[in-house]
């Protein structure tokens with residue numbers, strides 16, 4: 001049975017280290033009970049050092065929320081992927097809609113992916129349309145995002161990339177008004193089709209996650225009916241009991 005992947009994206013939360021360590025401790029102490037789930041926690045960078053000290057020997061993984069496309073140099077405010085790996089993190093989120101909203105382009109994401117992989121990080125690549133239309137333009141948008149973000153990435157390195165589909169228009173909506181599982185499944189198939197056209201049929205094993213609004217209420221339907229490999233969770237990952245319930249539900253899906 002393939003493990004489900006549940007990722008916590010804490011974004012710019014919580015506001016102090018005590019709250020961050022308390023939240024991390026609750027997840028670290030309970031998530032490993034669910035052996036059919038790979039749990040990845042992506043806190044703000046300022047907390048990575050402290051949490052990595054608690055992380056030693058844990059069965060969960062740590063990730064960062066972004067990294068720069070250069071290894072080092074005069075880039076004020078940026079974070080090198082090598083600094084991230086030095087803190088013990090194994091993953092990095094790249095191309096998140098929050099970053100793209102600030103002007104991050106597919107070309108920038110592509111450069112970041114290449115540098116992150118060279119530093120030994122696994123990449124969580126976020127893609128997603130801002131709105132839906134009736135003529136299928138959003139599909140062309142997604143295809144372009146995938147092709148440009150993965151330009152020059154070898155098939156071998158694609159195995160180090162998890163793709164998180166986050167329909168921006170669905171983020172923040174109530175769970176029952178968010179994207180329907182059947183539509184999630186259609187998008188998974190479309191993403192895999194684009195990957196197959198770029199590479200070959202062997203890429204059909206690429207992990208695809210859903211990154212829209214998700215919580216305990218729709219975890220089962222999204223994973224089971226949407227047939228995704230897991231979830232990239234935002235707000236609900238900041239409430240330990242909710243996030244652990246998501247993990248528990250995912251663990252029980254065969």
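The values are calculated or read from the model by the stated rules, or taken from the named source; none is laboratory data. Worth saying up front: this structure is predicted, and the values here are computed from it rather than measured. We place every Cβ from the backbone using ideal geometry, glycine too, and count neighbours over all the protein chains shown.
Quick notes on this one:
- Of all residues in segment 1-32, those being within 15 Å of the chain's Cα centre (by Cα) and buried (at least 19 other Cβ atoms within 10 Å of the Cβ) number 7.
- Contacts under 9 angstrom Cβ, first residue in segment 70-91 being farther than 22 Å from residue 124 by Cα, partner at pLDDT below 95, 6 or more apart: none
- Flag for residue 125 being part of a helix (DSSP H, G or I) and either surrounded by fewer than 16 Cβ atoms within 10 Å (Cβ to Cβ) or in contact with a helix residue (DSSP H, G or I) (Cβ under 8 Å, 6 or more places away or on another chain) (or both): no
- Residues considered: 217, 166. Of these, the only one that is over 24 Å from residue 90 (Cβ atoms) and either touching a residue at least 12 places away in the same chain (Cβ under 8 Å) or within 19 Å of the chain's Cα centre (by Cα) (or both) is 217.
- For segment 220-237, residues that are crowded, with 18+ Cβ neighbours inside 10 Å and more than 29 Å from residue 157 (Cα to Cα) total 1.
- Only listed residue being in contact with a strand residue (DSSP E or B) (Cβ under 7 Å, 6 or more places away or on another chain) and buried (at least 16 other Cβ atoms within 10 Å of the Cβ), chosen from 153, 146: 146
- Pick from segment 167-199, criterion modelled with pLDDT under 95 and part of a loop (DSSP other than H, G, I, E, B), ranking: nearest to residue 124 (Cα to Cα): 167
- Residue that is touching a strand residue (DSSP E or B) at 6+ places or on another chain (Cβ under 9 Å) and more than 23 Å from residue 98 (Cα to Cα), where the choices are 231, 222, 238, 195: 195
- Candidate set: segment 224-238, residues that are under 18 Å from the mean Cα position of the chain (by Cα) and assigned to a loop (DSSP other than H, G, I, E, B); chosen: the one nearest to residue 184 (Cα to Cα): 226
- Residue 215, sole failed condition from (1) over 29 Å from residue 137 (Cβ atoms); (2) in a loop (DSSP other than H, G, I, E, B); (3) at pLDDT 95 or above: (3)
- Hits in segment 132-148 - residues which are assigned to a helix (DSSP H, G or I) and either without any contact (Cβ under 8 Å) to a residue 24 or more places away in the chain or within 17 Å of residue 107 (Cβ to Cβ) (or both): 137, 138, 140, 141, 142, 143, 144, 145, 146, 147, 148
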